[in-house]
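Visitor: First the structure, which I've put down as C-alpha cells, then a few questions once you've had a look.
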Amino acid sequence: MHQNQLKICLFLLLTMLGGKMFAQPKSTYYTASTLDGKNGQTLELALKNIVYTHTSLDFDDLWTAFKSTDVAPKDSIPSSYTGGKTDLVYDMYAWISQFPKFYSDNDHTQTSGFNREHLVPNSWWGGKTGNAVAYTDLFNLYPGDGAANNAKGNYALGEYGIGMTLTWPTETKKNTSNKTYMTADTHRHAVGTPCYQNASHVWKVTNSSTYGGSTNLFEPADVYKGDIARAYFYMVCAYEGEITWESQYNYMFTSSNKYTTIKPWALELLLKWHRQDPISDKERDRNNAVEKVQGNRNPFVDYPELVEYIWGNKTSETFTLSKAVSSYSDEYKNGGTVDPDPGTGGGETPDPEASVPEFAYTFNVKLNSNFTGMQMTTDSDGAITYASSNPAVAEVDAQTGVVTLKAAGTVTITATTAETDSYDASSESYTLVISE
C-alpha cells in the first residue's frame, strides 16, 4: 500500500430524495462556547438553556399552527379521490395511512375529526397546571385522528412482543355520515417480527411491571418511531427542572428534585428508535416550521449525535460542535463522508476507509412501488459491486444498484468497493422493509 494516501470521499446517494434544499439553524443558535467540552446532564442543561425560552402558544392557536407545521404532500392524495379537498395533514397516530385527514374535515371530536394530541401524555406532568408552556409546545403536539388519540391514551411507548394482544384498532370505525375512516386491523404479527404495515397499534401487555406499570403500550408506525423518540428526548431536555413527572404515571420517567431519569427499559427503546429511524424530510421541514411559530428548535433533529453524548454510547466523550454532523448537511443525508489528511510518510499509514454516521438507513416500501435504490460513488478506482441478502425478496443489479422488489419481507442491500493499491475495500448498506 502507498505510504502517502489520496483523500477519499465515499458516500451513499439517496436517489429517491431529489434535490430539495433545507434551511439550517442560524450559526448563532448553537455555539461552541456553549456546547463544546460537555456531555451527559451538563450538555443537556446547556441545550435546555437554548431551547426552553420560546413563544408560548394558546391551545387554540394550534389549529392554525398545524397548517404550516404538519401540512402533508398533495401528491399523496389517491388518484381515485374526487372530493376536491387538498389540505391534508400528517397523522403520526392513525392506522392505515400517513395522511388520513383533510384539515377542513376537522370537527374537533373524538370520532371523525382530528385532535391536538400530546406525544408525551400531558397527564404525566400534571398538564396545564404542571407546566402551561409544556402543555402547548408544538414539539410535543401533533394533529391526530380522534379515535387514535382516545386509544393511545396515556400509555407508555412500546413494541409488540410475545403474548401481547391487540386492543386497538379491532373494528371498523365510521364517521357521522356512516363512511369508513378507519379500517380494522386484520393482519397477523409473527412472534419477534415487526409490523410492516404503515400503522400504529395499542397492545395489552402480559407483564405491566416490565413497562413501568403501563398495562398497555402504544406502538407507532415504524416510519415515525425516530420522530417520536426525538420528541421525547426534547421534552426531557427542554423542561429539565421545570416539570415533575407524576408518580402515578411514571411509566417511562421518574423525577428527583424535578430532574429526569429515563427508566432503563424506556431509554433502551428510545435509543433504538432514534438510531433505526433517521431524520426524514418531514422532520426537517417541521423543525423549521415550528421555529417560525414559537422561536425554538429541537436540537436532536439538528444534530442527532447529541442524543448519544447525553444518554447513549458517547457519554464518556465530550461534544465538539465543529465535528458534529448536521442532519441538514449533504454529509448526513448522503450517508456520511470522511476526508482524512493524507499520510505524511515515515511509516506505514493505514489506507483510508469510508465511514458513516451511526444511523441505519431503513426504508419501508410497498411491493408495487417504484423504489429506485441507493447508489454508492467513490473517487477510488475500485469497482463497486451491489448484492442483496435475499434475492427472493429484492434483486439488485450487481453493477448499477438498480433494485427490483420481488416479495414482502426484509432485505439488506450492500454496495462494496474493491481494494486497490491506494484504498482499503469498503462497503455500505441499507435495509428495505417491503410490505404488500
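Visitor: Kindly give Rg over Rh for segment 220-336, based on alpha-carbon atoms, with the Kirkwood expression for the hydrodynamic radius.
Guide: On the way: Rg = 14.7 Å, Rh = 15.2 Å.
Checking Rg against Rh, the ratio lands at 0.97.
Visitor: Over segment 214-312, what percent of the accessible surface lies on carbon and sulfur atoms, probe 1.4 Å? The partial results should precede the final answer.
Guide: Numbers: 1300 of 2870 Å².
Here it works out to 45 percent.
Visitor: Does segment 192-263 come out rounded, prolate or oblate, given a ≥ b ≥ c as the square roots of the eigenvalues of its C-alpha gyration tensor, rounded meaning a/c under 1.5 and, failing that, prolate meaning a/b above b/c? Working shown, then result.
Guide: On the way: a/c = 3.22, a/b = 1.49, b/c = 2.16.
Oblate is the answer for segment 192-263, as a/c is 1.5 or above yet b/c matches or exceeds a/b.
Visitor: Hey, another quick one. How long is the gain from Thr31 to Asp58 if the chain were fully straight, where each residue apart is worth 0.36 nm and the alpha carbon distance is subtracted? Could you put the intermediate results ahead of the total?
Guide: Details: separation 27, 0.36 × 27 = 9.72 nm, distance 3.05 nm.
Answer, rounded to one decimal: 6.7 nm.
Visitor: Give me the one-decimal nm value for the distance between modelled label points at Thr210 and Lys258, 7 Å along each residue's Cα-to-Cβ direction.
Guide: About 3.7 nm, to one decimal.
Visitor: Show the residues, 5+ positions off or on another chain, whose built amide H is closer than 5 Å to the amide H of Ser426.
Guide: Thr417
Visitor: Bin width 10 Å, alpha-carbon pairs only: give the P(r) of segment 277-330 as whole percents, running from 0 to the bin holding the largest distance.
Guide: Histogramming segment 277-330 at 10 Å steps yields 24, 48, 26, 3 percent.
Visitor: Sorted by accessible area with a 1.4 angstrom probe, largest first, how do Lys67, Lys366, Lys314 fall? It would help to have the intermediate numbers written out before the result.
Guide: Details: Lys67 125, Lys366 85, Lys314 35 Å².
Heavy-atom accessible area, descending, gives Lys67, Lys366, Lys314.
Visitor: Based on the alpha-carbon gyration tensor of segment 393-436 and its eigenvalue square roots a ≥ b ≥ c, which shape applies: rounded if a/c is under 1.5, prolate if not and a/b is larger than b/c, or oblate?
Guide: Details: a/c = 5.38, a/b = 2.55, b/c = 2.11.
Here segment 393-436 falls in the prolate category.
Visitor: What whole-number value in cubic angstrom gives the convex hull volume per residue for the C-alpha atoms of segment 21-65?
Guide: On the way: hull volume 6.0 nm³, N = 45.
With only Cα atoms used, segment 21-65 gives 133 Å³ per residue.
Visitor: From a point 7 Å beyond the Cα of Ala132 in the direction of its Cβ, which residues of segment 56-73 have a backbone N at a distance under 18 Å?
Guide: 56-62
Visitor: Counting only protein chains, not ligands or nucleic acids, how are Ile413, Ile384 ordered by accessible area (probe 1.4 Å), most first? Write down the numbers at each step before the final one.
Guide: Numbers: Ile413 5, Ile384 40 Å².
Highest to lowest solvent-accessible surface, that is Ile384, Ile413.
The values are calculated or read from the model by the stated rules, or taken from the named source; none is laboratory data. The structure presented is a predicted model; accordingly, all values stated were derived computationally and were not measured. Backbone-built Cβ (ideal geometry, glycine too); neighbour counts: all protein chains shown. To get the accessible areas, we keep the full protein, side chains included, count just its heavy atoms, and leave off ligands, DNA and RNA. Shrake-Rupley method; radii C 1.70, N 1.55, O 1.52, S 1.80 Å.
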